[in-house]
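Here is the structure we will look at, set down as structure tokens.
The values are calculated or read from the model by the stated rules, or taken from the named source; none is laboratory data. Bear in mind the structure is a predicted one, so any value in this text is a computation, not a measurement. Cβ: placed from backbone, ideal geometry, glycine included. Neighbour counts: every protein chain shown.
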Amino acid sequence: MKVGILGGTFDPVHKGHLALAGTALKQLGLDRVLFVPAGDPWMKTGKRRVTAAEHRLAMLRLALKGKPGFEISTVDLERPGKTYAVDTVAAIKKTLPKGSQVYFIVGAGSLSELPLWKAPARLIRMCRMVVAPRPGYRIPELAELEREVYGITGRVALLDMKPVDVSSSQIRERVKSGHSVGKTIPEDVGRYIKRHRLYEGY
């Protein structure tokens, strides 16, 4: 079995997330992509408050409804403490059939920060890193990363896709300022945000 993992706060989930997961599903021949909403993401600590998990999970369910190949894993919401990719992958691998291949999907900016992550060498032994282009970020030279994360060179797959110029932070800011978010999020997610008045006070 070939399984992709797309982690994030999904605050809110948007069409860029869906495009990324869909591209990975098709180009890598994955059986499914797991969307894994973060519980207490360590890289967000001190930067801003993250919307309650119940809302982020509800928006994900709305966004993925009726989309074959996309599923949700709540492993990070159920586990106390900070959310680290290496722990997420380890926990998910325990639930998969023996011999399954795991692909951890990230943007170009996240790959650059990989040496700062918890146990990056262990992480790349457990899975392959799948990297998508992102506006404003260059995909780092693997030879440079190799000096800090030994073995990374042979553990990266690059997705062939046009960078999607949308982010959750942009959406939150537009909602806060009363502007339309257009077609950047699924309609059901937009209605949910409006109904629960999310992001208005950010």
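For every residue, the table says whether it meets (1) at pLDDT 95 or above; (2) of a type in the set (Val, Ile, Thr); (3) more than 17 Å from the chain's Cα centre (by Cα).
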position: Leu57; (1), (2), (3): yes, no, no
position: Gly69; (1), (2), (3): yes, no, no
position: Lys94; (1), (2), (3): yes, no, yes
position: Val102; (1), (2), (3): yes, yes, no
position: Ile105; (1), (2), (3): yes, yes, no
position: Leu111; (1), (2), (3): no, no, no
position: Trp117; (1), (2), (3): yes, no, no
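Return yes when Gly29 is at pLDDT 95 or above, part of a loop (DSSP other than H, G, I, E, B) and either small (Gly, Ala, Ser) or farther than 24 Å from Asp165 by Cβ (or both) and no when it is not. So that I can check it myself, show each step before the final result.
On the way: at pLDDT 95 or above: yes; part of a loop (DSSP other than H, G, I, E, B): yes; either small (Gly, Ala, Ser) or farther than 24 Å from Asp165 by Cβ (or both): yes.
When the stated conditions are applied, Gly29 passes them.
Looking at (1) assigned to a helix (DSSP H, G or I); (2) surrounded by 13 or more Cβ atoms within 10 Å (Cβ to Cβ); (3) at pLDDT below 95, can you tell me which one Pro140 breaks?
Going through the list (1) assigned to a helix (DSSP H, G or I); (2) surrounded by 13 or more Cβ atoms within 10 Å (Cβ to Cβ); (3) at pLDDT below 95, Pro140 breaks only (1).
Name, by its number, the condition in (1) surrounded by fewer than 15 Cβ atoms within 10 Å (Cβ to Cβ); (2) touching a residue at least 12 places away in the same chain (Cβ under 8 Å) that does not hold for Val131.
So Val131 meets the others, but not (1).
I need every pair where a residue in region 34-53 that is at negative phi and at pLDDT below 80 has its Cβ under 6 Å from the Cβ of a residue that is in a helix (DSSP H, G or I) and surrounded by 17 or more Cβ atoms within 10 Å (Cβ to Cβ), sequence separation at least 6 or different chains.
Partner pairs satisfying both residue conditions: none exist.
Going by the structure shown, is Val166 surrounded by 16 or more Cβ atoms within 10 Å (Cβ to Cβ), assigned to a loop (DSSP other than H, G, I, E, B) and within 17 Å of the chain's Cα centre (by Cα)? Reasoning before the result, please.
Details: surrounded by 16 or more Cβ atoms within 10 Å (Cβ to Cβ): yes; assigned to a loop (DSSP other than H, G, I, E, B): yes; within 17 Å of the chain's Cα centre (by Cα): yes.
Spelling it out, Val166 is indeed surrounded by 16 or more Cβ atoms within 10 Å (Cβ to Cβ), assigned to a loop (DSSP other than H, G, I, E, B) and within 17 Å of the chain's Cα centre (by Cα).
Looking only at residues in region 134-159 that are in contact (Cβ under 8 Å) with a residue 24 or more places away in the chain and out of contact with any Pro (no Cβ under 9 Å at 6 or more places or on another chain), which one is farthest from Gly22 (Cα to Cα)?
Tyr150
Looking at Val189, Val164 in this structure, which one is modelled with pLDDT under 95, touching a helix residue (DSSP H, G or I) at 6+ places or on another chain (Cβ under 8 Å), among the hydrophobic types (A, V, I, L, M, F, W, C) and under 25 Å from Lys15 (Cα atoms)? Walk me through how you get there before you give the answer.
Values: Val189 fails: modelled with pLDDT under 95.
Of Val189, Val164, the one residue that is modelled with pLDDT under 95, touching a helix residue (DSSP H, G or I) at 6+ places or on another chain (Cβ under 8 Å), among the hydrophobic types (A, V, I, L, M, F, W, C) and under 25 Å from Lys15 (Cα atoms) is Val164.
Out of the residues in region 143-158 meeting the condition of being crowded, with 16+ Cβ neighbours inside 10 Å and among the aliphatic types (A, V, I, L, M), tell me which one is nearest to Gly99 (Cα to Cα).
Result: Val156.
Quick check on region 18-44: of everything there that is closer than 15 Å to Ser73 by Cα and within 12 Å of the chain's Cα centre (by Cα), which residue is surrounded by the most Cβ atoms within 10 Å (Cβ to Cβ)?
Among those that are closer than 15 Å to Ser73 by Cα and within 12 Å of the chain's Cα centre (by Cα), it is Val33.
Taking the criterion of being touching a residue at least 40 places away in the same chain (Cβ under 8 Å), under 24 Å from Ala108 (Cβ atoms), of a type in the set (Gly, Ala, Ser) and out of contact with any Asp or Glu (no Cβ under 6 Å at 6 or more places or on another chain), would at least one residue in region 168-183 satisfy it?
Among the residues of region 168-183, not one is touching a residue at least 40 places away in the same chain (Cβ under 8 Å), under 24 Å from Ala108 (Cβ atoms), of a type in the set (Gly, Ala, Ser) and out of contact with any Asp or Glu (no Cβ under 6 Å at 6 or more places or on another chain), which makes the answer no.
Output the number of the condition that Val13 fails; it satisfies all remaining conditions of (1) buried (at least 16 other Cβ atoms within 10 Å of the Cβ); (2) part of a helix (DSSP H, G or I).
(2)
Would you pick out the residues in region 68-122 that are charged (D, E, K, R) and more than 21 Å from Asp31 (Cα to Cα)? Break it down into steps so the answer makes sense when it comes.
Of all residues in region 68-122, those charged (D, E, K, R) come to 71, 76, 78-79, 82, 87, 93-94, 98, 113, 118, 122.
Selection gives Asp76, Glu78, Arg79, Lys82, Asp87, Glu113, Lys118, Arg122.
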